[in-house]
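Derivation of every value follows stated rules applied to the coordinates shown; laboratory data play no part. In this text the structure is predicted, and so the values were computed from the model without any measurement. Every residue, glycine among them, receives a Cβ derived from its backbone with ideal geometry; neighbour counts consider all protein chains shown.
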């Protein structure tokens with residue numbers, strides 16, 4: 001089941017957002033729980049009790065601990081890169097500082113059913129309704145890793161390296177075999193040696209990508225148009241199997 005949090009110090013606004021989210025989930029046939037918080041302090045306290053959410057819909061302008069404070073706590077203090085942040089604001093422009101926290105999207109108030117529906121469609125298209133597990137064999141054992149925590153796969157000689165948020169894993173396999181398993185799960189090929197997770201891209205340049213940890217990933221000349229087109233299509237709400 002998907003879990004969403006709505007954080008807004010205007011109770012009526014938070015309630016409306018919650019109702020629209022639940023309606024959007026019903027329309028899309030998503031099993032979900034939506035929890036409402038009236039302040040930044042409340043959501044931080046909840047996160048400290050190890051509660052996890054797929055998306056936090058976060059009001060930027062709150063008293064005391066605002067949206068920036070909550071974002072910094074989530075990303076820097078908790079080192080949480082998997083929970084997605086959707087900023088909700090009554091302003092037309094956004095503080096450039098918000099982009100440091102790698103937001104999934106922005107919504108202008110009021111958060112209507114249609115706006116939230118688009119956000120959920122994009123989320124499901126990129127991440128899926130459930131956490132996808134990648135199965136691999138190492139030695140005599142079979143292991144699993146959550147694809148939501150994989151930054152990239154890299155071909156290293158006869159092995160494949162899995163770079164995760166926690167570290168590195170290695171197993172014997174071809175990158176082509178890995179590609180067949182992950183090509184419709186938010187990964188794409190930037191180079192003959194790399195399969196990159198779209199979720200962790202910080203910035204895109206003609207000849208390379210930078211990930212959230214500032215690691216540089218090369219983009220082969222023959223892959224540049226494809227990579228740029230894929231990123232644009234995902235941002236516009238279409239999947240990588242539409243490229």
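What is the distance, in nm, between label points placed 7 Å from the Cα along the Cα-to-Cβ direction at residue 202 and at residue 159?
2.6 nm
Based only on Cα atoms, what mean projected area does the convex hull of region 79-203 have, in nm²?
9.1 nm²
Which of 212, 68, 11 comes first, and how do the rest follow, when ranked by fewest Cβ neighbours within 10 Å?
Ascending Cβ contact count within 10 Å gives the list 11, 212, 68.
Most exposed first by the Cβ proxy, i.e. fewest other Cβ within 10 Å, how do 53, 198 rank?
198, 53
Label points 7 Å out from Cα along the Cβ direction at residue 140 and residue 224: separation in nm?
Computed distance between label sites residue 140 and residue 224 equals 5.1 nm.
For 199, 3, what ranking results if the residue with the fewest other Cβ atoms within 10 Å of its Cβ goes first?
3, 199
Largest first, please: the extent of the C-alpha atoms of the chain along each principal axis, to the nearest Å.
57, 39, 34
On full extension of the chain, what length is gained from residue 69 through residue 41, given 0.36 nm per residue of separation minus the C-alpha to C-alpha distance?
9.1 nm is the gain from fully extending residue 69 to residue 41.
Stokes-Einstein at 20 °C, 1.002 mPa s, Kirkwood radius from Cα pairs: D for region 133-242 in µm² s⁻¹?
My calculation gives 151 µm²/s for D.
Angle between the Cα long axis of helix 224-235 and the longest principal axis of the chain, 0 to 90 degrees, nearest 10?
Between helix and principal axis, roughly 30 degrees.
Determine, from the Cβ-Cβ distance of residue 33 and residue 124 and an R0 of 22 Å, the FRET efficiency 1/(1 + (r/R0)^6), rounded to the nearest 0.05.
Result of the calculation: an efficiency of 0.90.
Once the Cα atoms of region 1-94 are picked out, what are the Rg and Dmax in Å?
Looking at region 1-94, its Cα Rg and Dmax stand at 12.8, 37 Å.
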